[in-house]
DNA sequence: ACCTGAACACCGTTCAAGT
DNA sequence: ACCTGAACACCGTTCAAGT
């Protein structure tokens with residue numbers, strides 16, 4: 001099936017980007033993983049930038065679907081945030097992987113505009129969700145305050161993941177998250 | 001002067017890494033910038049990994065010297081943190097650049113161990129300094145608490161820079177920092 | 001001590017050619 | 001519709017050769 005080939009390429013590419021980055025991603029290595037020739041990868045994704053765009057778009061779509069479902073689970077504010085944080089923790093647990101869009105934010109300069117738009121959308125999906133969660137606890141906070149806090153929580157978690165990855169030690173992630181809670185950032 | 005050549009390579013390389021990342025760094029482009037041939041770059045830095053190590057080591061050294069001097073300036077707690085945050089902001093102001101070690105943390109998988117050690121040292125230099133600043137305001141806090149808070153502040157600022165870079169808009173950095181302060185993370 | 005040209009195996013991309 | 005081999009200009013690295 002050719003659709004499966006496209007899916008296989010995206011799967012292998014996502015893992016590679018989250019582990020080594022978009023710039024380090026190789027069409028020839030990708031082709032080997034999937035069992036085709038590198039020229040064939042270009043049939044499915046004309047350029048590397050097109051692949052980056054498709055990866056980020058799917059990543060944003062999946063986050064949106066996951067978070068929408070999570071919000072319906074009727075967990076408490078604290079439980080929702082714990083589950084949210086656990087997603088970022090799980091990436092580190094899998095071979096020290098990083099959030100795909102966090103990685104792409106670092107590699108911003110190498111991305112085509114079409115991929116940057118998807119990175120932006122992923123951020124919006126996350127901060128919109130955090131804003132909803134935060135608003136249910138602080139209904140009296142101003143819209144600006146809620147929005148800024150949601151963005152801050154997202155950035156803080158991305159930073160915790162980045163720093164922990166740079167130490168190659170997930171214990172740092174846990175320590176940082178605990179300190180965020182202790183300081184009241186999540187409350 | 002050959003020492004100047006080495007310095008010129010490091011200067012051009014640092015700017016390139018902070019803008020485009022270590023993986024995207026090209027010895028051939030670097031050679032053009034400096035006015036030599038790419039084979040000559042290898043005379044000064046045998047491998048790309050050696051260059052990464054030298055860049056990160058100098059970055060950590062410079063941070064250590066700068067922060068030691070800053071601590072002696074006898075500014076208030078709030079002023080010190082504002083000055084500290086301004087350093088990360090200044091990177092974004094210069095062509096959306098990122099902290100060299102934040103970038104390298106994302107590219108962790110591509111780095112030799114010798115460079116990873118320097119990224120770790122940069123983190124330690126920053127968190128040690130933040131711990132001192134935080135301790136002067138909260139002398140009664142436990143050592144664990146102070147250390148965790150210092151690490152959290154560092155990670156949060158790195159995350160703010162990463163997210164703002166991914167949006168290509170420094171206004172997000174300012175908004176996130178303001179929300180950190182509002183939540184009490186810096187206090 | 002410092003630089004270079006040439007070679008090697010890599011890389012993304014293109015394209016004519018296959019099925 | 002999907003894949004391929006061959007070519008192109010790139011890349012890091014090595015090394016014998018220059019000054």
> In this structure, does residue B:160 turn out to be within 11 Å of chain A (Cβ to nearest Cβ) and either in a helix (DSSP H, G or I) or in contact with a strand residue (DSSP E or B) (Cβ under 9 Å, 6 or more places away or on another chain) (or both)?
Replying inline: yes
>> Of the residues A:104, A:98, only one is facing another protein chain (nearest Cβ under 10 Å) and not in a helix (DSSP H, G or I); which?
In response: A:98
> All but one of (1) within 19 Å of residue A:21 (Cα to Cα); (2) in contact with a helix residue (DSSP H, G or I) (Cβ under 8 Å, 6 or more places away or on another chain); (3) surrounded by fewer than 21 Cβ atoms within 10 Å (Cβ to Cβ) hold for residue A:169; which doesn't?
Replying inline: (2)
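Residue check: is residue A:132 touching a residue at least 12 places away in the same chain (Cβ under 8 Å) and over 19 Å from residue B:20 (Cα atoms)?
Numbers: touching a residue at least 12 places away in the same chain (Cβ under 8 Å): yes; over 19 Å from residue B:20 (Cα atoms): yes.
Judged against the criteria, residue A:132 is a match.
Here are some residues: B:154, B:88. Which one is at pLDDT 95 or above and more than 8 Å from every other protein chain (Cβ to nearest Cβ)? Walk me through it before giving the result.
On the way: B:154 fails: more than 8 Å from every other protein chain (Cβ to nearest Cβ).
Exactly one of B:154, B:88 is at pLDDT 95 or above and more than 8 Å from every other protein chain (Cβ to nearest Cβ), namely B:88.
So which residues in the stretch B:39-57 are more than 14 Å from every other protein chain (Cβ to nearest Cβ) and either exposed (fewer than 15 other Cβ atoms within 10 Å of the Cβ) or within 16 Å of DNA strand C (Cβ to nearest atom) (or both), if there are any at all? Break it down into steps so the answer makes sense when it comes.
Filtering the stretch B:39-57 for residues more than 14 Å from every other protein chain (Cβ to nearest Cβ) gives B:39-47, B:50-51, B:53-55, B:57.
Within the stretch B:39-57, B:39, B:40, B:41, B:42, B:43, B:44, B:45, B:46, B:47, B:50, B:51, B:54 meet the criteria.
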> Mind checking which residues of the stretch A:173-183 are more than 7 Å from chain B (Cβ to nearest Cβ) and in contact (Cβ under 8 Å) with a residue 12 or more places away in the chain?
Replying inline: A:173, A:174, A:177
>> I need the full set of residues from the stretch A:3-26 which are within 11 Å of DNA strand C (Cβ to nearest atom) and surrounded by fewer than 19 Cβ atoms within 10 Å (Cβ to Cβ), in order please.
In response: A:24, A:26
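The values are calculated or read from the model by the stated rules, or taken from the named source; none is laboratory data. All figures in this text were calculated on a predicted structure; none of them were measured in a lab. Here the Cβ is made from the backbone with ideal geometry for all residues, glycine too, and neighbour counts use every protein chain on show.
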